[in-house]
Amino acid sequence: MLIGNYLKNLTQQALQALYELQVEAAQVTLNETKPEFEGDYTIVLFQFVKQARRSPEQMGQEVGAWMVANSAGNLSGFNVIKGFLNLSVAESYWIEFLGQNNRPDFGAQPANGRKVMVEYSSPNTNKPLHLGHLRNNFLGWSVAELYKWNGYDVRKTCIVNDRGVHICKSMLAWKKFGEGATPESTGIKGDHLVGDFYVRFENELRVQSAPVLEALMQGQPVAGMEAEAAAKALVLYNKLQEADLPQEKAAEIKDELKEMARNATPIMQEVRQMLLKWEQGDEEVLSVWRMMNGWVYAGFDETYRRIGSDFETMYYESDTYLLGKEYVEEGLASGVFYRKEDGSVWIDLTAEGLDEKLVLRKDGTSVYITQDIGLAKKKYQDYPMEQSVYVIGDEQNYHMHVLQLICKKLGMPFADGIHHLSYGMVDLPTGRMKSREGTVVDADDLCDEMEKVAADKTRELGKVADFTEEELKVLYHTLGMGALKFYLLRVDPKKRMVFNPEESIDFHGFTGPFIQYSYARIQSVLRKAGWNAQQRQAITINQLLPLEKKLIVQMEQFPGVLQAACQDMNPSHVANYAFSLAKTFNAFYTEHSIANAESEESRVLRLHISELTSSIIANAMRVLGIAVPARM
């Protein structure tokens with residue numbers, strides 16, 4: 001048992017034995033003792049003082065004495081500062097811990113029989129993966145790994161958005177402007193080629209919509225615009241003429257007119273016609289769709305392999321978009337949904353502080369929430385899980401809240417287990433990325449840049465003269481991906497962040513390469529000492545120096561860090577822990593010689609410490625999807 005859990009349980013026993021207080025171990029507040037006080041861990045007793053009918057000082061003395069006496073030698077002493085009980089853990093405990101836990105899988109929990117599904121990536125097939133997808137993939141993969149380390153049976157899934165207006169935009173642009181271009185004929189990676197046609201479409205759309213928008217902004221009619229849309233545009237124009245119209249409202253109206261102008265263009269009408277043909281099964285349209293999606297999938301697979309992302313199950317929107325309609329009928333029958341006069345179906349969520357939500361259009365076609373209900377049910381049928389984690393950006397907070405509410409109201413057995421891992425967007429120092437303008441940062445281009453920066457930084461250090469070209473290629477990839485993943489995962493997922501490639505690869509900062517370098521340093525120490533698990537000598541020392549103890553204390557906390565990170569679905573806990581452990585080891589390495597220790601006992605102890613430190617660093621980084629090089 002970890003010392004934190006042990007001390008909480010021992011406190012629970014002390015309160016029962018001394019005062020007949022019935023408390024749960026989870027109710028005991030345990031903190032690391034502040035540096036200015038003597039001790040390792042502090043129990044906060046204030047909450048129990050009234051029930052025990054003791055002063056804080058008296059209660060601390062009584063509980064401390066009982067715990068030391070009943071700790072089987074694991075506690076060496078205590079002191080009391082008002083209601084804070086500071087406990088000193090015996091050095092024998094830390095030495096015994098080091099000797100018993102020096103194994104490669106330290107931190108892993110046994111299988112608990114519980115199932116979790118983690119959905120992440122969710123790309124569109126009209127463009128390559130970009131920087132935002134990277135944060136999504138790294139978060140999803142790492143959270144899945146955290147669940148695995150904590151004993152869960154995990155299924156990683158991806159829903160590919162492979163149909164709809166956005167896909168048809170790339171298809172139409174290829175037909176209009178592509179001249180039969182293929183990845184083979186152009187030498188362009190398939191997903192990038194399709195993305196180029198999406199940008200080409202948007203450029204053409206911008207040209208066609210400019211005169212339409214100009215007319216709408218002047219209150220003039222637009223040829224070909226439907227009567228209902230034209231009437232609405234005129235209402236919006238008149239609204240804009242109001243002298244006291246707030247600036248924010250004016251901006252909203254201008255955005256709405258801009259979207260109406262886009263939809264009134266000939267090229268958008270062609271896109272809608274193409275989508276209709278796709279839904280009707282037109283073979284010519286389907287042939288182009290299958291061909292271009294095939295290019296994209298080949299490109300995605302290459303990128304996924306490069307960044308180390310994988311899935312057990314792939315779902316495709318083209319297979320799932322009709323799912324959910326049957327549950328609308330069930331909801332109507334049970335009164336969860338209601339039908340309006342125009343035939344559309346809605347759910348009223350005003351009692352939950354939301355609004356009315358459309359679930360089926362008047363023409364009987366699905367909306368996204370309907371599709372997601374159907375997909376959620378299918379996922380549960382495929383893999384009856386207790387938790388279903390969706391890694392989706394925070395702009396979908398409302399949508400995911402509605403999805404869970406509807407599933408609950410429909411009585412679906414998995415509804416309570418739906419969890420939206422909401423994360424903030426990633427910006428660059430130059431500003432926000434935009435797909436329509438083609439200013440997004442492609443994942444492939446960013447990976448190339450990271451590996452180039454890694455190569456430049458490594459050459460500056462001048463320690464790879466004996467590496468072969470192939471070894472250097474692997475090293476630069478390892479460092480580049482390590483820098484990228486660590487930088488994106490070290491931040492709390494909920495926070496929006498700015499990614500800076502140069503800063504992410506600093507060998508001396510709060511970065512992945514700093515930790516990778518620390519690991520390689522330890523491996524060098526172990527190699528030179530001829531130390532390995534098969535020839536490991538027993539620890540015979542019985543006293544620890546401060547930095548030796550600090551390292552062992554930190555290492556003992558690793559399983560607790562993994563548990564907390566899993567519970568919070570927050571890999572940044574692991575990233576911060578790995579950096580802190582590497583930093584402590586470097587301080588220890590600078591202060592104390594290992595190969596030339598003052599005694600053989602100290603040398604053996606420090607090699608044990610080095611071995612377990614390297615194992616934990618490797619495992620922590622593995623949870624983040626980051627490889628660690630044995631030398632660099």
Review point. If you plug each phi of region 15-20 into the Karplus form 6.51 cos²θ - 1.76 cosθ + 1.60 with θ = phi - 60°, what whole-Hz ³J(HN,Hα) values come out, in order, with x for Gly and Pro?
Key: 5, 5, 5, 8, 10, 6
**Study point:** Expected-Rg normalisation [2.2 N^0.38 Å, Cα atoms] applied to region 215-259
**Key:** 1.12
Practice item. Excluding Tyr589 itself, calculate the net charge of residues whose Cβ lies under 12 Å from the Cβ of Tyr589, where each Lys or Arg counts +1 and each Asp or Glu counts -1. Key: +1
Practice item. Quick one: plug the Kirkwood hydrodynamic radius of region 45-159 (C-alpha pairs) into Stokes-Einstein at 4 °C, 1.567 mPa s, and report D in µm²/s. Key: 68
Exercise for review: Could you tell me how many degrees, from 0 to 90 and to the nearest 10, lie between the Cα long axis of helix 227-240 and the main elongation axis, the longest principal axis, of the Cα atoms of the chain?
Suggested key: 60
Revision key, fill the gap. Extension length gain for Lys583 and Gln100 (0.36 nm per residue less Cα distance), in nm, is 171.5 nm
Check your understanding: Angle between the Cα long axis of helix 512-529 and the longest principal axis of the chain, 0 to 90 degrees, nearest 10?
Key -> 40
Practice item. Compute the signed sum of charges (Lys and Arg +1, Asp and Glu -1) over the other residues within less than 12 Å, Cβ to Cβ, of Val271. Key: +3
Practice item. Starting from the Cα of Ala210, step 7 Å along the direction of its Cβ; do the same at Glu591; then give the gap between the two resulting points in nm. Key: 6.7
Review point. How big is region 505-577 by the Kirkwood estimate over distinct Cα pairs, in Å?
Key: 15.0
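In debye, nearest 20: dipole of the chain around its Cα centre with unit charges on the Cβ of K, R (+) and D, E (-)?
Values: 67 positive and 84 negative charges, 173 e Å.
The calculation lands at about 840 debye.
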Check your understanding: Once amide H atoms are built 1.01 Å from N in the peptide plane, which residues 5 or more positions from Tyr41, or in another chain, come under 5 Å H to H?
Key -> Thr33, Leu87, Val89
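Using the reciprocal of the averaged 1/r over all distinct C-alpha pairs, how large is the Kirkwood radius of the chain in Å?
Taking the inverse mean of 1/r over all distinct Cα pairs, the chain comes out at 28.8 Å.
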Practice item. Pull out the extension gain between Tyr338 and Lys463, defined as 0.36 nm times the separation in residues minus the alpha carbon to alpha carbon distance; nm, one decimal. Key: 38.0 nm
Check your understanding: Reported to two decimal places, what Rg/Rh ratio describes region 334-492 when computed on Cα atoms with Rh from the Kirkwood expression?
Key -> 1.17
Practice item. Using a Förster distance of 25 angstrom, determine the FRET efficiency expected from the C-beta separation of Gln537 and Met1, and round it to 0.05. Key: 0.40
Review point. What is the spin-label model distance, in nm, from Ala351 to Glu471 if the labels are put 7 Å beyond Cα along the C-beta direction?
Key: 7.0
Exercise for review: Determine, from the Cβ-Cβ distance of Val23 and Ser524 and an R0 of 45 Å, the FRET efficiency 1/(1 + (r/R0)^6), rounded to the nearest 0.05.
Suggested key: 0.35
Check your understanding: Given 0.36 nm per residue, what is the gain on full extension from Glu502 to Ala230 after removing their alpha carbon distance, in nm?
Key -> 92.8 nm
Revision key, fill the gap. Listed by chain and number, the residues whose amide H is under 5 Å from that of Asp427, excluding neighbours fewer than 5 places away on the same chain and using placed H, are Met497, Val498, Phe499
**Study point:** Check: region 232-344 dipole with +1 on Lys, Arg Cβ and -1 on Asp, Glu Cβ, in debye
**Key:** 400
Exercise for review: Please give the solvent-accessible surface of Met1 in Å², to the nearest 10, using a probe radius of 1.4 Å with every protein chain present.
Suggested key: 150
Check your understanding: How many percent of the alpha carbon pairs in region 510-632 exceed a separation of 20 Å?
Key -> 42
Revision key, fill the gap. Taking Cα atoms, the helix 469-489 axis meets the longest principal axis of the chain at an angle in degrees (rounded to 10) of 80
Point to revise | In range of the label at Asp282: residues from region 203-241 whose backbone nitrogen is under 11 Å from the point 7 Å along Cα→Cβ | key: none
Review point. Which Cα, out of Val207, Gly195, Gly224, lies furthest along the positive dipole direction of region 187-230 (beta carbon charges, K/R +1, D/E -1)?
Key: Gly195
Review point. What fraction of the Cα pairs in region 19-100, stated in percent, has a spacing above 22 angstrom?
Key: 25
Practice item. With θ set to phi - 60°, apply the Karplus curve 6.51 cos²θ - 1.76 cosθ + 1.60 along region 326-338 and write out the HN-Hα couplings as whole Hz, x wherever there is a Gly or Pro. Key: 5, 6, 5, 5, 4, x, 5, 5, 8, x, 5, 10, 9
Review point. Of Met67, Gly462, Ile616, whose Cα points farthest to the positive end of the dipole of the chain (charges on the beta-carbon: +1 Lys, Arg; -1 Asp, Glu; origin at the Cα centre)?
Key: Met67
Check your understanding: For region 167-297, what are the per-bin percents of Cα-Cα distances with bins 5 Å wide, up to the bin holding the maximum?
Key -> 2, 10, 17, 16, 14, 12, 10, 8, 6, 3, 1, 0
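The values are calculated or read from the model by the stated rules, or taken from the named source; none is laboratory data. Keep in mind that what you see is a predicted model, and the values were worked out from it rather than measured. Here the Cβ is made from the backbone with ideal geometry for all residues, glycine too, and neighbour counts use every protein chain on show. In case anyone asks, the SASA skips ligands and DNA or RNA and just uses the protein heavy atoms, side chains included. Shrake-Rupley method; radii C 1.70, N 1.55, O 1.52, S 1.80 Å.
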